[in-house]
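*Asks:* Following this message is one structure expressed as structure tokens.
The values are calculated or read from the model by the stated rules, or taken from the named source; none is laboratory data. Keep in mind that this is a model prediction, so the values were computed, not measured. For neighbour counting, all protein chains shown are included, and Cβ atoms are generated from backbone atoms with ideal geometry for every residue, glycine included.
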């Protein structure tokens, strides 16, 4: 098992951070890692939704990842798990958690992590960790600039 994670304190209330996190249609405006999300249209995200994430790694390579929302606790936690063929065959398995918690002065701590399992995780762990760091930094910058 390999743990990849990123953490940042955002100078904004959890409501503002959560709103941006769940506004999946507008990820292209600010997110350098997850450039686009395909999802069920015309409603808010909910448990059971299937998402297709279009990601861009730092080296410019792109990939798509099918994920299913498994937990959604408003203002606190979003979790989704990988459902692609690599998961089905046990080669790579993972579930990403994005968690918000209070920080000093009314700020919000954003923490994201994924526990990667399977014999091929060594192929993606560093690229995913870098993507999580870029995602967290961009989320902070975008929310604080609003």
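*Asks:* Take the stretch 6-41 and flag every residue that is touching a residue at least 12 places away in the same chain (Cβ under 8 Å) and under 20 Å from residue 129 (Cβ atoms).
*Replies:* Correct list: 6, 7, 8, 9, 10, 21, 30, 31, 32, 33, 34, 35.
*Asks:* Which condition from (1) surrounded by 12 or more Cβ atoms within 10 Å (Cβ to Cβ); (2) out of contact with any helix residue (DSSP H, G or I) (no Cβ under 8 Å at 6 or more places or on another chain); (3) farther than 29 Å from residue 119 by Cα is the one that residue 21 breaks?
*Replies:* (2)
*Asks:* Filter the stretch 21-44 for residues that are in a loop (DSSP other than H, G, I, E, B) and modelled with pLDDT of 95 or more; which is farthest from residue 100 (Cα to Cα)?
*Replies:* Out of the qualifying residues, it is 39.
*Asks:* So is residue 91 out of contact with any helix residue (DSSP H, G or I) (no Cβ under 6 Å at 6 or more places or on another chain), over 19 Å from residue 134 (Cα atoms), assigned to a loop (DSSP other than H, G, I, E, B) and modelled with pLDDT of 95 or more or not?
*Replies:* yes
*Asks:* Next question, about the same structure. Pairs needed: first member in the stretch 109-135, on the phi > 0 side of the Ramachandran plot; second member anywhere, part of a strand (DSSP E or B) and surrounded by 17 or more Cβ atoms within 10 Å (Cβ to Cβ); C-beta distance under 7 Å; at least 6 residues apart or different chains.
*Replies:* Taking only residues 6 or more apart or on different chains, the pairs are 118/93.
*Asks:* Can you confirm whether the stretch 120-142 contains a residue that is within 27 Å of residue 9 (Cβ to Cβ), under 15 Å from the mean Cα position of the chain (by Cα), in a strand (DSSP E or B) and at pLDDT 95 or above?
*Replies:* Checked against the condition, which is being within 27 Å of residue 9 (Cβ to Cβ), under 15 Å from the mean Cα position of the chain (by Cα), in a strand (DSSP E or B) and at pLDDT 95 or above, the stretch 120-142 yields no hits at all.
*Asks:* Exactly one condition in (1) assigned to a loop (DSSP other than H, G, I, E, B); (2) under 12 Å from the mean Cα position of the chain (by Cα) is not met by residue 80; state its number.
*Replies:* Looking at each condition in turn, residue 80 falls short on (1).
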